[in-house]
Amino acid sequence: MEWETVIGLEVHVQLLTRSKIFSGASTAYGAEPNTQACAVDLGLPGVLPVLNEEAVRMAVKFGLAIGAEVAPRSVFARKNYFYPDLPKGYQISQYELPIVARGHLDIDLEDGTTKRIGITRAHLEEDAGKSLHEDFAGMTGIDLNRAGTPLLEIVSEPDLRSAKEAVAYLKKLHSLVMYLEICDGNMQEGSFRCDANVSVRRKGDPKFGTRVEIKNVNSFRFVERAINYEVERQIELLESGGKVVQETRLYDANRDETRSMRTKEEANDYRYFPDPDLLPVVVDAELLARVRETLPELPDAKRQRFMEEYGLNQYDATVLTATRELADYYEHVVRESGGLAKPAANWVMVELAGALNKSGLELRDSPVTPQMLGQLLKRIQDGTISGKIAKEVFEAMWNGEGEPDEIIEKRGLKQVTDVAAIEALVDQVIAANPAQVEQYRAGKDKVLGFFVGQVMKASGGKANPAQLNELLRKKLGPAGG
Amino acid sequence: MSLGPAEVKNIAHLARLAIDEDLIPEYAKNLSGILALVEQMNAVDTEGVEPMAHPMDATQRLRPDVVTETNQRERFQRIAPATEAGLYLVPRVIE
Amino acid sequence: MHDKTIAELSAALQAGEFSALELTQHLLARIEARNGDVNAFITVTPELALEAAKAADAARARGEAGPLTGIPIAHKDLFCTDGVRTSCGSKMLDNFISPYDATVVERLKVAGTVMLGKTNMDEFAMGSSNETSYYGPAKNPWDPQRVPGGSSGGSAAAVAARLVPGVTGSDTGGSIRQPAALCGISGLKPTYGRVSRYGMVAFASSLDQGGPMARNAEDLALLLNAMAGFDPKDSTCIDRPVPDYTARLAASIKGLKIGLPKEYFSEGLDADVAKVIDAAIEEFRRLGAEFKEVSLPNVKLSVPAYYVIAPAEASSNLSRYDGVRFGYRCENPRDLEDMYKRSRGEGFGAEVKRRILVGTYALSAGYYDAYYRKAQQVRRLIREDFVKAFAEVDMLLGPTTPDVAFRLGEMVDDPVRMYLTDVYTIAVNLAGLPAMSIPAGFAKGMPVGLQLIGRDFDEARLLNAAHKYQQVTDWHNACPPGFE
């Protein structure tokens, strides 16, 4: 029996505003419990919400970036349920009229093709607080600092057909929201969270199977694992004559399994209705135009441009446009080096990436700035140093020894291009190795390599290889007499 | 629409309200009376009428993204039923 | 001193006849002596009041006094007052010391008023008789066997009993106008969005509106001047300039076109009350007003629509009372579920629970369209009726209530019958319009209220008409026997 997997993802993106969506409290992460929960966040009697303009702009920006319809009029609704980290007993969200609807994202499949994934909607809502289950004499502690942090919930169509596609979609979305600078993308801190709706059906069956919602899959690795586990569980169940129950399951990363949280029957009746404390949100042509102006070059367009403008292959272009920061870094290096696009790509992808990886640093913390790397490439290009010496300079820059020219100077790494100086070394080497001279002249032209090596060694690696070759040939005379 | 005891119990659960068992018939009667009153609305055709959210049909004003609030935890927690280490305490939440 | 209106007190304070401190001390003593008769106050704040009075006198000495400097007032106990209990008439908030001031409270403070305390009310403003208060019912000073109306019953009783010259109230379905009518005082419900709702504990957000209650229209204008205006903390508050409501009080109302909605004079209206209203119409005619019958065909649906919208919004607004961050928490909860259910079950009274249940039901799966959405549509039809009427007339006039104050306990067992007593006031809240009630006479020995309904933001015209009427009548000066 052949089975097909059907996946839809709901991603909660924390928007990078300074203040909360409905109050003037800070959204900064990591503060002491409840020190960033103001009267509005606590839902004190009598308080009222006022919408943060930046949250609206960010949602609109996202809508424009995925080619969606930005609703000229959207409405906030209350989702009513009781939970201790939900202070008002309802979450302010959007229900019938979300701010963004009907967009799409193109993902790259492993076979090199792209696939368009529909995005049903993206709506604004407020985050809840956190329940801390450490033991307070058998009690749970509630921290409401996070309550009221703006979220954009992005709901995909059930267009994904494997865990790999789901991960590709998530990575693409993750990269996009960071490109747009509407989210810091920090998954450990919960800035980018994912729930997956998973079902299976017999291949060719036009109807979807019963879906299960998996909560709490908050890393790319876990998404893939949780979906694979769930797909296997469902197929096994169906093949043994069982039935999939519509339910919510929680992914347990430690055990690598999903377990049931609540079934459909136990599901909440959220009693959505328009929030009477908030009025319809209007996005007019003017706001739309202003947001459009702030839209950066998007990842797909940038990749295409990198291939055309810098002559990069698709793989390199994809890697270098994975984040806006990396792409900016690369382009800065290219500019600084005077247009050395391909060497810049190699150095960024190999040396720089390697060093970052080894040290565990983020790009923004790299001790080697794009200016420094660009200058370094220039010095290779103009023959001041060789590629090999350049690696040494790079390491010195990484260790904070200064600008490339400074290091080259201080360490005396400049290639010796002074003909007289090289000539003197060549003469010395020739004089010291008569046997090899004999061999060369007898026709063993491979011995030339020996001489190059010897002179290089004597020069401390600084002799210009092209110059050296030419000089040696001249001094030794034609090989093979 | 008239409500029976089972429905009253279900609604009371949704609203997280403890209600005395012996008062349930009374509530059922009262609620049914209110619903009968409310159903007089059905006499009018509202097809195509836009629901009214605000009498002036005003739209949402936007607030600049500025942090205006400072830490007032101590003040706010003075009126809380139970706190510890800056946290509000509730009976253990079982996930 | 206690028989003076705000305008009179303001003049006397300015003339130096007595100080704000003396006035405050006098009224605090009077509250101490007489509050027991009417149960109008839940909390009295003598220390704060004396301090504020001294500050007012000092401001006057510096030449910084405004018309409300040193004027004693009280707030309905759903306006949050920093450092003072804000109970909403509920056991749920019996221990709630608000950590902040409502915008209205702050504005009246800035205007120099002296708060004497917090007034009694139906629990969470749900009621028309003040009988649902956790602190016992306030009583009608005209007859302590009768209700003062609700939900701002304590506010109305306090003014009628001459315990305080002006108070704040809130009006969701008539909660300012109905008790004003039943206690023989004046009360104004402003246009929805005219007065900030920030810090006014929500009952039904799309209907609630705070407003002033006092002896006459002039005093209402003075209070509204301080209360009205844009508040960036309330998204539903309208950003629109505030006129000086006292400026047009004395203008002639000759040629004013007043509509008489025929639905407000149909069956259900007590004959004695009708006579009082007819006499008032004659009075207005003598002042030069012209009358015309108009029709509001959909107002008959206002009570049904209201009893969906108000409970639905209330059921959600009151979810925050969960025993976690403030308010009542039950003893020894077994678990979280038990804490929620018992805290709310024990903290709320019967009427509040009834309305939460109705609202929860109306919003629950499968019923939203039939109830809430339908009611919001009916609401628009009702508003359109008013808009049509206002194309022909400048304001509407009718009774505030179908009858005078009923007896305590008379309707507690029949909620629907009690709801129907608000039939003349509710439509105004659904439509968002400004309206007021002023004393127009007596029926069966009890005060009768006359209701004036205006166009959006036309408070000044309502106050003008009411003031002109009050200059040629004396009903608003009538004092309940024993409270002179």
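Taking the criterion of being in contact with a helix residue (DSSP H, G or I) (Cβ under 6 Å, 6 or more places away or on another chain) and either free of Cβ contacts under 8 Å to residues at least 24 places away in the same chain or more than 7 Å from chain B (Cβ to nearest Cβ) (or both), the residues of the stretch C:372-402 that qualify are C:TYR372, C:ILE382, C:ASP385, C:PHE386, C:GLY398, C:PRO399, C:THR400, C:THR401. The residues of the stretch B:60-95 that are crowded, with 16+ Cβ neighbours inside 10 Å and of a type in the set (S, T, N, Q), listed by number, are B:GLN60, B:ASN71, B:GLN72, B:GLN77, B:THR83.
Yes/no per residue for (1) open to solvent by less than 10 Å² (accessible area, probe 1.4 Å); (2) within 13 Å of another protein chain (Cβ to nearest Cβ):
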site: C:VAL114; (1), (2): yes, no
site: C:GLY117; (1), (2): yes, no
site: C:PHE124; (1), (2): yes, yes
site: C:GLY127; (1), (2): no, no
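Inside the stretch B:36-59, residues that are over 30 Å from A:ASP284 (Cβ atoms) and either more than 8 Å from chain C (Cβ to nearest Cβ) or open to solvent by 30 Å² or more (accessible area, probe 1.4 Å) (or both) make up a count of 6.
Of the numbered criteria (1) hydrophobic (A, V, I, L, M, F, W, C); (2) open to solvent by less than 30 Å² (accessible area, probe 1.4 Å); (3) touching a Pro at 6+ places or on another chain (Cβ under 8 Å), the one A:ALA68 fails is (3).
One residue alone among A:GLU53, A:GLU32, A:GLU96 is among the acidic types (Asp, Glu) and in contact with a strand residue (DSSP E or B) (Cβ under 6 Å, 6 or more places away or on another chain), and that residue is A:GLU53.
So that you can scan it fast, the table gives a plain yes or no per residue for (1) without any contact (Cβ under 8 Å) to a residue 60 or more places away in the chain; (2) under 23 Å from the mean Cα position of the chain (by Cα):
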| site | (1), (2) |
| --- | --- |
| A:THR263 | yes, no |
| A:ASN268 | no, no |
| A:GLU286 | yes, no |
| A:THR323 | no, yes |
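Of the residues making up the stretch A:36-46, at least one is over 29 Å from the mean Cα position of the chain (by Cα), on the phi > 0 side of the Ramachandran plot and in contact (Cβ under 8 Å) with a residue 24 or more places away in the chain.
Number of residues in the stretch C:349-366 that are more than 7 Å from every other protein chain (Cβ to nearest Cβ), crowded, with 17+ Cβ neighbours inside 10 Å and not charged (D, E, K, R): the value is 4. The set of residues in the stretch A:239-254 being touching a residue at least 40 places away in the same chain (Cβ under 8 Å) and either of a type in the set (A, V, I, L, M, F, W, C) or open to solvent by less than 70 Å² (accessible area, probe 1.4 Å) (or both) consists of A:VAL244 alone. Scanning the stretch C:12-47 for residues that are surrounded by 16 or more Cβ atoms within 10 Å (Cβ to Cβ), free of Cβ contacts under 8 Å to residues at least 40 places away in the same chain and under 24 Å from the mean Cα position of the chain (by Cα) yields a total of 0.
None of A:ARG221, A:ARG202, A:ARG225, A:ARG262 is more than 23 Å from A:THR149 (Cα to Cα), modelled with pLDDT under 95, surrounded by 18 or more Cβ atoms within 10 Å (Cβ to Cβ) and charged (D, E, K, R) except A:ARG225. Within the stretch A:145-169, the set of residues being aliphatic (A, V, I, L, M), crowded, with 24+ Cβ neighbours inside 10 Å and out of contact with any strand residue (DSSP E or B) (no Cβ under 6 Å at 6 or more places or on another chain) comprises just one member, A:ALA147. Scanning the stretch A:213-233 for residues that are over 10 Å from A:THR258 (Cβ atoms) and polar (S, T, N, Q) gives A:ASN218, A:SER219, A:ASN228. When the stretch C:420-471 is filtered for residues that are of a type in the set (A, V, I, L, M) and surrounded by fewer than 24 Cβ atoms within 10 Å (Cβ to Cβ), the ones remaining, listed by number, are C:LEU420, C:VAL423, C:ALA443, C:MET446, C:ALA460.
Take A:GLU53 and decide whether it is within 14 Å of chain C (Cβ to nearest Cβ), open to solvent by 50 Å² or more (accessible area, probe 1.4 Å) and more than 22 Å from the chain's Cα centre (by Cα).
yes
Checking each residue of the stretch A:74-91 against the condition of being among the small types (Gly, Ala, Ser), closer than 30 Å to C:ASP338 by Cβ, within 13 Å of chain C (Cβ to nearest Cβ) and touching a residue at least 24 places away in the same chain (Cβ under 8 Å) gives at least one match.
Filter the stretch A:92-109 for residues that are surrounded by 20 or more Cβ atoms within 10 Å (Cβ to Cβ) and either more than 14 Å from every other protein chain (Cβ to nearest Cβ) or more than 14 Å from A:VAL155 (Cβ to Cβ) (or both) and give the result.
Initially, the stretch A:92-109 is screened for residues surrounded by 20 or more Cβ atoms within 10 Å (Cβ to Cβ), giving A:92, A:94, A:98-100, A:103, A:105, A:107.
A:ILE92, A:PRO98, A:VAL100, A:GLY103, A:LEU105, A:ILE107 - these are the residues of the stretch A:92-109 that are surrounded by 20 or more Cβ atoms within 10 Å (Cβ to Cβ) and either more than 14 Å from every other protein chain (Cβ to nearest Cβ) or more than 14 Å from A:VAL155 (Cβ to Cβ) (or both).
How many residues are more than 14 Å from chain A (Cβ to nearest Cβ), closer than 26 Å to C:ILE426 by Cβ and either without any contact (Cβ under 8 Å) to a residue 12 or more places away in the chain or more than 23 Å from the chain's Cα centre (by Cα) (or both) when one looks only at the stretch C:275-330? Counting residues in the stretch C:275-330 that are more than 14 Å from chain A (Cβ to nearest Cβ), closer than 26 Å to C:ILE426 by Cβ and either without any contact (Cβ under 8 Å) to a residue 12 or more places away in the chain or more than 23 Å from the chain's Cα centre (by Cα) (or both) gives 14. The residue pairs whose first member lies in the stretch C:409-434 and is over 18 Å from C:VAL378 (Cβ atoms), whose second member is basic (Lys, Arg), and whose beta carbons are closer than 6 Å, counting only pairs six or more residues apart or on different chains, are C:MET411/C:ARG417.
The values are calculated or read from the model by the stated rules, or taken from the named source; none is laboratory data. Remember, it's a predicted structure, so these values are computed and weren't measured experimentally. Every residue, glycine among them, receives a Cβ derived from its backbone with ideal geometry; neighbour counts consider all protein chains shown. Accessible surface areas use protein heavy atoms only, side chains included; no ligands, DNA or RNA. Shrake-Rupley method; radii C 1.70, N 1.55, O 1.52, S 1.80 Å.
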